[in-house]
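Inspection log for the structure reproduced underneath, given as C-alpha cells.
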Amino acid sequence: MSHGSIIKIPFGPQHPALKEPVNFLFEVDGETVVNVKPRIGYNHRGIEKAFELRTYTRNIYLAERICGICSDAHTTCYTQAIEELLGVEAPLRARYIRVIIAELERIQSHALWLGLVAHEIGFDTLFMYIWRDRETILDIFEMISGNRIHYAMNTIGGVRRDIHAAMMPKIKKGLDLMEKRVKYYLDVVQTEQTILKRATGVGILKPKDAVDLCAVGPILRASGIKNDVRADDPYAAYNEIPFNVITCDGCDILSRIMVRLEEMLEGVEIARHALDSMPEGVIRVRVPMKVPQGEVVSRVEAPRGELIHYAKSNGTTKPERYKVRSPTLGNIPALCKMLLGGYVADIPIVLAGIDPCFACMDRMAFIDTKKNRKWVLTMPQLRRKYKRKCMQK
Amino acid sequence: MEKENEIVEMLKEFLKENFVKANIPNRRRIFVHIKKDALKDTVKYLVKDLQFKHLSTITGVDLGKKIEVIYHLAYKGSIELSLRLTVSKKNPSVSTITHLIPGAVLYEREVHELLGVNFEGHPDLSPLILPEEWPEGVYPLRKEHELAYLKEITSKKSKREKRN
Amino acid sequence: MHAEITSLLAILVFPGVIFLFVLAFFYEWVDRKFFAKLQNRYGPLHTGAHGILQPLADFLKLLSKEDITPFASDKLIFALAPIFYLALPLTTLFVVPILSQTSLITFEGDLIFVLFTFTLIIMTVFLAGWSSISRFSTIGSIRATLQMLGYEIPMGLVTIGPAIAAKSLSISKIVEWQSLHFWIVFLQPLGFAIFTICLLAELQFVPFDIPEAETEIVAGWRTEFSGRKLAVLRLGKDLELVLASALITSLYLGGPQQFWLIPPIITFLVKTTFAVMLLSLLRAVFARFRIDQMLTGTWKYLLPLATFQVILIQLGFGG
Amino acid sequence: MGLFKWAQTKSPWIIHFNTGGCNGCDIELVAALTPRFDLERFGILLEGSPRHADILVVTGPVTLQVKDRLVRVYEQMPEPKHVIAIGTCAISGAPFNECYNVHGGIDTVLPVDAYVPGCPPKPEAIIDGIVKLIQKTKESEGNGKGK
Amino acid sequence: MALIKEALKQLFRRPATLKYPYEKLNPPEDFRGRPVWNMKKCIGCGLCFKVCPSGAIEMIGKGLEAEINHYVDRCMFCGQCAETCPKNAIRMSEEYELAEFDRSKMLHKYKRDT
C-alpha cells in the first residue's frame, strides 16, 4: 500500500488538541500512520525525587499535584500506602467519604473527557453542554472541600473534612441531575451519525493486545476485559458497596465512550449508596510523624485506570523511595498500537480516547533521543528560518 | 490468604535455590525476593502458568551499594506480586522481559533512565536522557546525587543557553 | 455625470463595498451570537450593545497587530492571497441582487460566474496555505482542495435547478421569476438542502471544517497569518458568509422582494439573517467528518441526489 | 483612548500553554470558556496558533524540556503581546520547588504581565486576572500600535 | 442531528452564564481562599511554617515576637496551616480575586500589635 514517500508529522508539544505539552512523531504514508514515536518528557518535573526530600504530611499535597484531574486518586493511593506502613486504618466513615469523593471525581473526570472528545471531533456544542453540566459536580466539590479542583480531602489516617447532613440534599440533587444528563448523552452518542462515523471502528485494540501491552482502566474494559481495581483489589469502602464492572467489547473509541458513560451512571449509584449507608463516627485518627521501616504497594482505580504507588520507608519522617505509576503511562504502548494503521485525521480522537493525562505520567520521563534525534534537530532548524520580520514600526 | 500462600509455595518449588525469601504483608500482596539470574524463567512461569499477565510497573530502588529492581505483577488484577531482585551498582544489568510482556518496554526504559539499570536484550534501550542536554551517567533517582547537584545541572543548562 | 456619481456611490457605499463590510461584520456577530445562544451562553456581550461591535473590534485589533511574514514563505503569494481572498467574494456580491430585484451588475450567465469564483476562492486558500511553508498550513490547503473536489460538482448541479426553473442563468432573472411564481425552495426542497450542505463545505463550517480543524492542524491554512493579513482573511470569510446567505436567499428564498410597504432591502436582510442562522444551527449540531468520509459521502450520496434533483426537474417536477 | 487601543482591549485572544503543570489550571481555563463563565463575552477566543494570539496564558512550572518551546511560542506571537501566569506553580514554581527538573516560575523565562495565584484559581479568578490585565493596558501609555 | 432538539431548546432558555465581574456567587462556607493570620491568637509556635508544603510561610523571630510573612505567590491554598495551627489563629478567607501585576505585592506581612 506504499504510495512512495513517508512524511513525518510532529504532533505537539504545543497543540490545540492537547492541553498539555507532549510530542508524538508520526510517520505517515499517504493518510495512513505507519509509525509512532512518542516523546513525552515535557511534563517531567522530578516528583519522585522530591518525595524523598519532604515529610509525609507535605507529601500529601505533592501527591495531589501529580495530577489535577485525578488528584483524589493519587492522594487516596498515597495515604493508603502510608497508613499501611503505619499500621493504622482510616475510620470507616472516612473510607466511605473517600469512596464518595472518588466517585464524584470519576464522574467529573469522565465528563471532562467526553467533552474533550467531542471537542476533538469538532462537536463544540456537545462539549459546551457537557462542561456546563460538569459544573454541578464541581460545585459539590467546592461545597464539601472548599476548592473545585485539588480537594485536599485525604490525609494520613482519614479525611480532613466531613460530609455534613446539611450537604446531603444538594449532593443528591446534583447526582440526580447528572444521572439525567448522562442518560441523555448516552442517547446522543448512540444516535448522532457524525459521532458514530468518527468513533466506530477507530483505534481498535484487540483484547489480546490489550492484555499483552498491559493496558489499564476503561481502555482494557472497552476491549471486553473485566478488570477493575475497585472490584479485584477493594480499597477504602468498596468491599461494602455493590457495583458492576462495566465492560464493552467493541474495542474502539465508541466502546470507550460507552464504558465511560456507563461508569458515570454506576458512579452516581455508588455515590448514592455510600451517602445513604455512611456510618457515623470519627473521620480521622491521629498518626505519628515518624513512619516505621517497611515497604508497601498501594493500588487505586483512578478514573483513567489502575494507579499504583510503591512506598519504602526507613523509619524517619521522610520516605526512602516513592514510586508512582500513573494509568496514562500504562496505556501508552496500547495507544501506539491503536494509532498504527489508522488515519491521520483520527489521531486526535484516538489520542484523546485513552484520556491521556501527561501530567501524571511525566513525573518520570522516557525519551527516545537517538531515534528522535533526526526530528528533534530538524524542527529547530526549520523554526530558525522563521525569522521574524516586523513590518510595523 | 490461602491463595497467596499457595502462590508462594509454588514459586518456592519452582525456583528452588534461586528463591531467597518471600513475605505476605497484607491481603493480596506478595513480596518475593529471587536471584537475578532466575528472572526470565520466573516471569515466564508466572505469566504462562500462574496467570500473572498484567505488569503493573517496574520500580527501581537505590539501596546504596546495590540497586533493587521490583517487578509488580498482577494476577487477574487482584493479587499484586512484587518480584524483587538486586543488582550491583557497579554493573547494574538484568535481562529484559519485553518478549514475555510487551507492555514492559516503557517501564524498563524508565528504570534505565532514572537509575541506570541496563536491561539486556531490550529492543530499544538507547540512552534515555531527561532533557536533551542531561549529562550522561547522572541518574537522578540514585541516592548519591543530591538535589542541589541536580539543580546545578539544571541551572548550568539554562546559563549555557543564555550565552548562545 | 450625475448618473456616474450615483453608480460610483452605489458601488462604493450602498449597496456596495462599505455596506457589504458592515453587513459582513453584522453577520459574523449574528453567527457568533446565535451559535453561543445554541450553546446556552451569551457569546460576545461587552463590546457595544450585546457585543455587536465585537467583529469590528477583532478586525481593528488585528490591523494594529504586528504583521509577521514567515522567513521561509513565498512572500509575494503570501501577501497577495489575503487580498484575493477578500476581493473574490466582494466582487461576486455585486452580481447578487440586494437592493432591488436586479443586482448592480447583471449579465446572462452570472450564476456560472459565481460558481467559478467559489472555485477561485478555494484556489486562493490553497495558495495561501501553500505559500506559508508550514506543515499545518500545507495540510490545510491540501485538504481544502480535496474537499472542493467533493462538493463542487453537486453544488454546480443543484444550482442549475433554479436556473432551469427560471429559464435563465442570471441570478437577477431567477429572483424575478420567483417573485412572479413561487419561491424555489418549495419547488426543489432537495436542491435547497444539497445547496446548503455544499455551502457549509464552501464556508468550511462544521461538519466540513476539515481544512482548519483546530484540534488536528492548529488553524489549518491560516496558521501562519497574523496581523493585517489575518484581519483581511477574516473579513473575506465574513464576506463569504454574506455571499453564501445572499445566494441562498436569491436562488431559493425569492431574494429581495417588496411586501406591501416593506422595501426589498429589508426582506433581503431578514432572509439572509435567517440563512446565516440556518448555517449556524447546522454547524452547531454536527461533529466534524474525516476528509475521506467527507469525500466518499459527497460522491456517494450528494452527487446522485443532485443528479436526481436535476432529473426531477427535467421530468417536470419542481421546474 | 485611540480606536486601536479600544479594539485591543475588546478583543484579547488567548493561547494556552502548559509548561508542565498538573492540569488543574488548564482545566479551569477551559472551564472558563464554557457556558458557566463564557470568556467569549469579553471577546476572548482561545486560538490554536501563536500567530493569532495576543495573550499567552501559561500554566505550570517551567520544566527544562518545555522551556525552549515556551520561548519559541512567545517569539512567534505578534506584538503587542502579554503573558499571564495562571496558578501558583506558574508564578513561582512553589509546590515543585524540590523537583530537579523544574526551572521555576514563568518570570524566570518570560516577562510576565499578570499573575493569578490559586491552585488552581477558580475560573472567576482567571477572568478577574484577564480583566485586570485589560484594564491595565487600557490605562497604560501609547497608542496601542505594535513596536 | 441528535442534538438539534436540545440546541433549539436553548433558544428559549436563559444562558447558564454567570456574568462574572458584574454578578458574583458567594463562595461556600468553608472555601479555601487566601489564609489570614489573626495575630492576637498567634503564639509563634512555627508549626504553620514547618508544615507548609510549598514554603509559602516565613517566620521571622520567635515566640510572641514573631512576624509572619505569607507569600501568596507560593501558596497553594491547601489549608494545612489552618488545620495544624494549635490556636486556630489562621483562617482560610473567602478571598480569591488575587491577581496582581507585581509579585512584590503578593507578600502579606503579619505582626502582633503591641
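The table below gives the values:
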{"quantity": "Filter result for A:Ile204 (more than 16 Å from A:Trp113 (Cα to Cα) and not in a helix (DSSP H, G or I))", "calculated": "yes"}
{"quantity": "Selected residue (criterion: farthest from the other protein chains (Cβ to nearest Cβ)) from residues of segment E:4-27 that are surrounded by 16 or more Cβ atoms within 10 Å (Cβ to Cβ) and under 19 Å from E:Leu98 (Cα atoms)", "calculated": "E:Pro27"}
{"quantity": "Those residues of segment C:290-319 which are under 24 Å from C:Tyr252 (Cβ atoms), within 14 Å of chain A (Cβ to nearest Cβ) and open to solvent by less than 80 Å² (accessible area, probe 1.4 Å), in sequence order", "calculated": "C:Met294, C:Gly297, C:Thr298"}
{"quantity": "Matching residues, segment A:121-132, being open to solvent by 10 Å² or more (accessible area, probe 1.4 Å) and either of a type in the set (Asp, Glu) or under 18 Å from the mean Cα position of the chain (by Cα) (or both)", "calculated": "A:Asp124"}
{"quantity": "Selection within segment A:206-226 - in contact (Cβ under 8 Å) with a residue 60 or more places away in the chain and under 19 Å from the mean Cα position of the chain (by Cα)", "calculated": "A:Ala210, A:Leu213, A:Cys214, A:Ala215, A:Val216, A:Gly217, A:Pro218, A:Ile219, A:Leu220"}
{"quantity": "In segment B:43-63, residue nearest to A:Lys49 (Cα to Cα) [restricted to those that are open to solvent by 40 Å² or more (accessible area, probe 1.4 Å) and in a helix (DSSP H, G or I)]", "calculated": "B:Lys44"}
{"quantity": "Residues of segment B:1-42 that turn out to be open to solvent by 60 Å² or more (accessible area, probe 1.4 Å), under 21 Å from B:Val87 (Cα atoms) and assigned to a strand (DSSP E or B), as a count", "calculated": "3"}
{"quantity": "Hits in segment B:69-106 - residues which are more than 20 Å from B:Glu9 (Cβ to Cβ) and within 9 Å of chain A (Cβ to nearest Cβ)", "calculated": "B:Ile70, B:His72, B:Gly77, B:Ile101, B:Pro102, B:Gly103, B:Ala104, B:Val105, B:Leu106"}
{"quantity": "Any hit, segment C:130-138, residues being hydrophobic (A, V, I, L, M, F, W, C), modelled with pLDDT under 85, within 23 Å of D:Asp54 (Cβ to Cβ) and in contact with a Lys or Arg (Cβ under 6 Å, 6 or more places away or on another chain)", "calculated": "no"}
{"quantity": "Total residues in segment D:1-21, condition touching a strand residue (DSSP E or B) at 6+ places or on another chain (Cβ under 9 Å) and open to solvent by 10 Å² or more (accessible area, probe 1.4 Å)", "calculated": "1"}
{"quantity": "Helices (runs of 4 or more DSSP H) wholly inside segment D:28-147 containing at least 2 residues that are open to solvent by 10 Å² or more (accessible area, probe 1.4 Å)", "calculated": "D:64-76, D:123-139"}
{"quantity": "Condition broken by A:Arg65, with the remaining ones in (1) within 30 Å of D:Gly48 (Cα to Cα); (2) modelled with pLDDT under 75 satisfied", "calculated": "(2)"}
{"quantity": "Residue count, segment C:56-68 (criterion: open to solvent by less than 10 Å² (accessible area, probe 1.4 Å) and either within 24 Å of D:Val73 (Cβ to Cβ) or more than 9 Å from chain D (Cβ to nearest Cβ) (or both))", "calculated": "8"}
{"quantity": "Residue match in segment A:294-313 (condition: more than 19 Å from A:Arg45 (Cβ to Cβ), open to solvent by 10 Å² or more (accessible area, probe 1.4 Å) and part of a loop (DSSP other than H, G, I, E, B))", "calculated": "no"}
{"quantity": "Total residues in segment E:52-89, condition open to solvent by 20 Å² or more (accessible area, probe 1.4 Å) and not aliphatic (A, V, I, L, M)", "calculated": "15"}
{"quantity": "Number of the condition not met by A:Arg148 [criteria: (1) among the basic types (Lys, Arg); (2) closer than 29 Å to A:Gly203 by Cβ; (3) open to solvent by less than 10 Å² (accessible area, probe 1.4 Å)]", "calculated": "(2)"}
{"quantity": "Hits in segment B:64-73 (condition: among the hydrophobic types (A, V, I, L, M, F, W, C) and either in contact with a Cys (Cβ under 9 Å, 6 or more places away or on another chain) or over 13 Å from B:Val47 (Cα atoms) (or both))", "calculated": "B:Ile67, B:Val69, B:Ile70"}
{"quantity": "Some residue of segment B:67-86 being touching a Ser or Thr at 6+ places or on another chain (Cβ under 9 Å), assigned to a loop (DSSP other than H, G, I, E, B) and not aliphatic (A, V, I, L, M)", "calculated": "no"}
{"quantity": "Filter result (buried (at least 20 other Cβ atoms within 10 Å of the Cβ) and among the aromatic types (Phe, Trp, Tyr)) within segment A:179-232", "calculated": "A:Tyr185"}
{"quantity": "Options C:Gly150, C:Gly161: the member that is farther than 21 Å from C:Thr124 by Cα and either at pLDDT below 80 or more than 14 Å from chain A (Cβ to nearest Cβ) (or both)", "calculated": "C:Gly161"}
{"quantity": "Residue check, C:Met148 touching a residue at least 24 places away in the same chain (Cβ under 8 Å) and either in contact with a Leu (Cβ under 6 Å, 6 or more places away or on another chain) or surrounded by 23 or more Cβ atoms within 10 Å (Cβ to Cβ) (or both)", "calculated": "no"}
{"quantity": "Residues located in segment C:259-283, provided they are farther than 30 Å from E:Ala7 by Cβ and either in contact (Cβ under 8 Å) with a residue 24 or more places away in the chain or assigned to a helix (DSSP H, G or I) (or both)", "calculated": "C:Pro264, C:Ile265"}
{"quantity": "Residues that are facing chain E (nearest Cβ under 9 Å) and within 21 Å of D:Arg69 (Cα to Cα), drawn from segment D:98-138", "calculated": "D:Gly105, D:Asp107, D:Val112, D:Asp113, D:Ala114, D:Tyr115"}
{"quantity": "Residues that are crowded, with 24+ Cβ neighbours inside 10 Å and among the aliphatic types (A, V, I, L, M), drawn from segment C:156-183", "calculated": "C:Val158, C:Ile171, C:Ile174, C:Val175"}
{"quantity": "Yes/no for D:Ala7 being more than 10 Å from chain A (Cβ to nearest Cβ) and of a type in the set (A, V, I, L, M)", "calculated": "yes"}
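One line per residue, one yes/no per condition, for (1) outside any helix (DSSP H, G or I); (2) within 14 Å of C:Gly227 (Cα to Cα); (3) of a type in the set (A, V, I, L, M); (4) more than 22 Å from the chain's Cα centre (by Cα):
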{"site": "C:Ala72", "(1), (2), (3), (4)": "yes, no, yes, yes"}
{"site": "C:Ile83", "(1), (2), (3), (4)": "no, yes, yes, no"}
{"site": "C:Leu86", "(1), (2), (3), (4)": "no, no, yes, no"}
{"site": "C:Pro89", "(1), (2), (3), (4)": "no, no, no, no"}
{"site": "C:Thr92", "(1), (2), (3), (4)": "no, no, no, no"}
{"site": "C:Val96", "(1), (2), (3), (4)": "yes, no, yes, no"}
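Each row is one residue, and each column tells you yes or no for (1) under 30 Å from C:Ala36 (Cβ atoms); (2) away from chain D (no Cβ under 11 Å); (3) of a type in the set (Lys, Arg).
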residue	(1), (2), (3)
A:Cys67	no, no, no
A:Ala73	no, yes, no
A:Gln80	no, yes, no
A:Glu83	no, yes, no
A:Pro91	no, yes, no
A:Asp139	yes, no, no
A:Ile156	no, yes, no
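The values are calculated or read from the model by the stated rules, or taken from the named source; none is laboratory data. Note that this is a predicted model, so its numbers are computed, not measured. Backbone-built Cβ (ideal geometry, glycine too); neighbour counts: all protein chains shown. What goes into the accessible areas is simple: the full protein's heavy atoms, side chains included, and nothing from ligands, DNA or RNA. Shrake-Rupley method; radii C 1.70, N 1.55, O 1.52, S 1.80 Å.
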